[in-house]
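Notes for the one structure printed next.
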Ligand SMILES: Nc1ncnc2c1ncn2[C@@H]1O[C@H](COP(=O)(O)OP(=O)(O)OP(=O)(O)O)[C@@H](O)[C@H]1O
Ligand SMILES: [Mg+2]
């Protein structure tokens, strides 16, 4: 057993290291829920060390895609690789190297914000590093010490969301997966979360993939964007290349035009 673990660690550090070009690859991936086709031959490459945005209407398949990468849902067909490791085969190893913020992430209301961070740090980073990791989370959250010592059930939506995002980012996972991190937040809160994500990627060189319905925000924060519609990728690239290809003023216009072409 000890020997096996040793081998695993060696593979671990060679895979997913800085040499890796893509933090995640999905190739021709399909997924159905009963007779509902959520993903249809979806192909996507998430570059290493960048912020990647997935945008598309309700029900397009964004959360399903993220849940597959987070090892929570198994794809029916196609190829999925996270940090150089194929899913679902390597899901246990992948799980150790990613952080995931679900769409509906909540905090433990009876714990303080700080205790929430510490609890997660203990589970995911181990007892020895927990305090150091939680401190990082406290900083990322941007909440005052006073607020961090309040019970989470007293938090506003924005405060809860900030702690939930900090909880994911503090782990400094090789791939962080954020499902609508800024949904329901005011302009100032979403602005500061955007800055947090940008700073984080710059500081750590790790990859972040996130979804959002705010296309202005996506344009602002993402190095690369993919447009998803009815379980397929309509197009992808940097916001500026997409805008010039579609002769559009902003991503919203890109999306409308790409949709028009897809349905023509
Ligand atoms: N567990 C499930 N059981 C049944 N159907 C599901 C399940 N999860 C997703 N679906 C279906 O798959 C499709 C894609 O859903 P998904 O949640 O991935 O969309 P989304 O792009 O995240 O949408 P939104 O913007 O509303 O969050 C939808 O039609 C949805 O009803
Ligand atoms: Mg969703």
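Once the Cα-Cα distance is subtracted from the 0.36 nm per residue extended length, the residue 252 to residue 40 segment shows a gain of 74.0 nm.
Once every DSSP H run of n ≥ 4 in the chain is given -39500 (n - 2.57) and the sum is divided by its residues, what mean residue ellipticity at 222 nm do you get, rounded to the nearest 500 deg cm²/dmol?
Value at 222 nm, helices only, nearest 500: -12500 deg cm²/dmol.
Using every pair of separate Cα atoms, the Kirkwood estimate puts the hydrodynamic radius of the stretch 39-195 at 16.5 angstrom. By the count of neighbouring beta-carbon atoms within 10 Å, fewest first, 210, 255, 33 end up ordered 33, 255, 210. Beta bridges from DSSP with both residues in the chain: antiparallel share about 60 percent, rounded to the nearest 5.
Find the centroid of the Cα atoms in the stretch 145-172 and in the stretch 43-90, then give the distance between the two in whole Å. So the two Cα centres are separated by 26 Å. In plain terms, the residue of 40, 203, 74 with the fewest other Cβ atoms within 10 Å comes first and the most crowded comes last, giving 203, 74, 40.
For the stretch 36-97, rounded, prolate or oblate, judged on the Cα gyration tensor with a ≥ b ≥ c (square roots of eigenvalues), a/c < 1.5 rounded, else prolate if a/b > b/c? Oblate, because a/c is 1.5 or more while a/b does not exceed b/c.
Classified by the C-alpha gyration tensor, the stretch 106-172 has a prolate form. Its axis ratio a/c, with a ≥ b ≥ c, is 1.5 or above, and a/b is larger than b/c.
Among bridges DSSP assigns within the stretch 136-264, what percent are antiparallel (round to 5)?
55 percent
According to the Cα-based calculation, Rg over Rh for the stretch 16-129 is 1.01, with Rh computed by the Kirkwood formula. Would you work out if the stretch 146-227 is rounded, prolate or oblate? Take a ≥ b ≥ c from the square roots of the eigenvalues of the alpha-carbon gyration tensor; rounded if a/c is under 1.5, else prolate when a/b is larger than b/c, oblate otherwise. Here the stretch 146-227 falls in the oblate category. One chain, two ends: residue 195 and residue 119. Fully extended at 0.36 nm per residue, the span grows by 24.8 nm beyond their Cα-Cα distance.
Take the Cα of residue 149, step 7 Å toward its Cβ, do the same at residue 95, and the gap between the two points is 3.6 nm.
Binning the alpha carbon pair distances of the stretch 210-264 at 10 angstrom intervals from zero yields the distribution 25, 63, 13, 0, expressed in whole percent. Spherically averaged projected area of the convex hull of Cα atoms, the chain: 15.2 nm². Using a simple spin-label model with pseudo-atoms 7 Å out from Cα toward Cβ, residue 223 and residue 183 lie 2.6 nm apart. In this structure, residue 131 and residue 241 have a Cβ-Cβ separation that, at R0 = 45 Å, corresponds to a calculated FRET efficiency of about 0.55.
Where a number appears in this text, it was derived from the coordinates with a stated rule and is not lab data. Note that this is a predicted model, so its numbers are computed, not measured. Virtual Cβ from ideal backbone geometry, glycine too; neighbours counted across all protein chains shown.
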